[in-house]
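The values are calculated or read from the model by the stated rules, or taken from the named source; none is laboratory data. Being a predicted model, the structure only gives us computed values, none of them experimental. Counting neighbours? That spans all protein chains shown, and the Cβs are built from the backbone with ideal geometry, glycine included.
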Amino acid sequence: MNIEEIIVKYEKDFFRKDFCDDKRNLDKRIHNEFFEIGKSGQVFYKNTIINYLSNLDSDRDIDIIDFKTKDLKNGLMMANYIADEKELGINTLRTSIWVIEDGDWKLLFHQGTITEMESF
């Protein structure tokens, strides 16, 4: 797999209950300095996100549209996409920053913003 395929797979893992049920998966995938600016505008940190994701009742019904990555520098990638959040009936513009650490990609930053857009 190329880097873009790895990153989109990792993004989709956060939508899967079976992946998120194991807090070790989340701890390994999310950087210790991670923070997120949610679609509400609220800021969340690693432990809060791990607690939220590990308590999902089911898979999240979200499709990724128009996924793109940009190599910011060696070992640092930015991903942009639209999340079609079917259960909520909304689209969100998503940006994630991934960093390579200990030989694997870890999520360092994430932001979701509600939008009417259907593509970039």
**Message:** Can you tell me which residue is surrounded by the fewest Cβ atoms within 10 Å (Cβ to Cβ) among those in region 93-106 that are over 17 Å from K73 (Cβ atoms) and in contact with a strand residue (DSSP E or B) (Cβ under 7 Å, 6 or more places away or on another chain)?
**Reply:** L93
**Message:** Take D84 and tell me if it is surrounded by 14 or more Cβ atoms within 10 Å (Cβ to Cβ), charged (D, E, K, R) and out of contact with any Phe, Trp or Tyr (no Cβ under 8 Å at 6 or more places or on another chain).
**Reply:** yes
**Message:** Suppose the filter is exposed (fewer than 15 other Cβ atoms within 10 Å of the Cβ) and either touching a residue at least 24 places away in the same chain (Cβ under 8 Å) or of a type in the set (G, A, S) (or both); does I90 pass it?
**Reply:** yes
**Request:** Say whether the condition of being modelled with pLDDT under 95 and over 21 Å from M1 (Cα atoms) is met by at least one residue in region 15-36.
**Result:** no
**Request:** Search region 1-14 for residues being exposed (fewer than 12 other Cβ atoms within 10 Å of the Cβ) and modelled with pLDDT of 95 or more, and hand back the single one that is nearest to the chain's Cα centre (by Cα).
**Result:** K9
**Complete:** Going through region 82-94 in order, the residues found to be in a strand (DSSP E or B) and either at positive phi or aliphatic (A, V, I, L, M) (or both) are I82, A83, I90, L93
**Prompt:** Which of the residues belonging to region 9-32 are acidic (D, E) and either within 19 Å of F67 (Cα to Cα) or touching a Leu at 6+ places or on another chain (Cβ under 8 Å) (or both)?
**Reply:** E11, D13, D21
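For every residue, the table says whether it meets (1) in contact (Cβ under 8 Å) with a residue 40 or more places away in the chain; (2) in a strand (DSSP E or B).
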position	(1), (2)
D27	no, no
G41	no, no
N47	no, no
Y52	no, no
I65	yes, yes
N80	yes, yes
S96	yes, yes
I100	no, yes
L108	yes, yes
**Message:** Every residue in region 99-111 that is of a type outside the set (A, V, I, L, M), under 9 Å from the mean Cα position of the chain (by Cα) and more than 16 Å from S40 (Cβ to Cβ), please.
**Reply:** F109
**Prompt:** Out of D59, D63, which single residue is surrounded by fewer than 17 Cβ atoms within 10 Å (Cβ to Cβ), touching an Asp or Glu at 6+ places or on another chain (Cβ under 6 Å) and at pLDDT 95 or above?
**Reply:** D63
